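K.L.:
Please find one structure pasted underneath; my questions will follow.
The values are calculated or read from the model by the stated rules, or taken from the named source; none is laboratory data. Computed from a prediction, not measured in an experiment: that's the story for all the values here. So basically every Cβ, Gly included, is an ideal-geometry build from the backbone, and we count neighbours across all protein chains shown.
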Amino acid sequence: MKCEKCNRPATVHLTEIRGGKKIEKHLCEQCAAQVEGFPTKAHTPINELLTNFVLAHSGLAKEQSATCPQCGMAWSEFTQSGLLGCEHDYTAFDKDLTPLLQRAHEGATHHLGKVPTRRGGTSVPVKRQLDVARLRKELNRAIEAEDYERAAKLRDQIREAEEQ
């Protein structure tokens, strides 16, 4: 369909009922923006919706003024795009990025995956050290949150891992 006003492709389709009669309007976004009472932005990109949702539920919706000294990227730019500018952004935005990473990775903030074979590979001692380090971080978080039952379980898991 074409826009009723300018003959560009119609992307907005309005239906009004006036006096019992159905009136349909087919407009492009620019012409629809000129219609009174019609929102200027007909749709929001999904990445913007998701970013806004995460920010609203993470307590990070307040404007951040932090910037990366290497690439100059601001925290607000990251919240809009969801992409970091360089490897230094992880340290520049550490305070704000850590809670997001913990939620996204079930509490983990550091890579605990496979280790290259030339660096110790799948050796049990290296994996055990990584597990104990992860458990200790979780233990500290549980103590800070005053979740003493979870802290006791984590303490026992650390002891068991260290004895093996």
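K.L.:
Among the residues of segment 70-117, what is the count of those that are on the phi < 0 side of the Ramachandran plot, at pLDDT 80 or above and in a loop (DSSP other than H, G, I, E, B)?
P.N.:
The qualifying residues number 10.
K.L.:
If I ask for residues that are loosely packed, with under 11 Cβ neighbours inside 10 Å and either outside any loop (DSSP other than H, G, I, E, B) or modelled with pLDDT under 70 (or both), which ones from segment 45-56 would you list? If you could, list the steps in order and put the result at the bottom.
P.N.:
To start, the set of residues in segment 45-56 that are loosely packed, with under 11 Cβ neighbours inside 10 Å comprises 45-46, 53, 56.
Listed by number, the residues that qualify are 46, 53, 56.
K.L.:
Let me ask something additional. Inspect segment 58-69 for any residue being surrounded by fewer than 16 Cβ atoms within 10 Å (Cβ to Cβ) and modelled with pLDDT of 85 or more and give the result as yes or no.
P.N.:
Looking for residues that are surrounded by fewer than 16 Cβ atoms within 10 Å (Cβ to Cβ) and modelled with pLDDT of 85 or more, one finds at least one in segment 58-69, hence yes.
K.L.:
Checking residue 13 against (1) at pLDDT below 75; (2) out of contact with any helix residue (DSSP H, G or I) (no Cβ under 8 Å at 6 or more places or on another chain), which single condition isn't satisfied?
P.N.:
If we test residue 13 against (1) at pLDDT below 75; (2) out of contact with any helix residue (DSSP H, G or I) (no Cβ under 8 Å at 6 or more places or on another chain), just (1) comes out false.
K.L.:
With (1) in the same structural domain as residue 102 (by TED's automatic domain parsing); (2) at pLDDT below 75 as the list, and residue 36 as the residue in question, which single condition is left unmet?
P.N.:
Condition (1) is where residue 36 drops out.
K.L.:
Shifting gears a bit: Quick one: count up the residues across segment 4-24 that are outside any strand (DSSP E or B) and either in contact with an Asp or Glu (Cβ under 8 Å, 6 or more places away or on another chain) or over 13 Å from residue 35 (Cα atoms) (or both).
P.N.:
7
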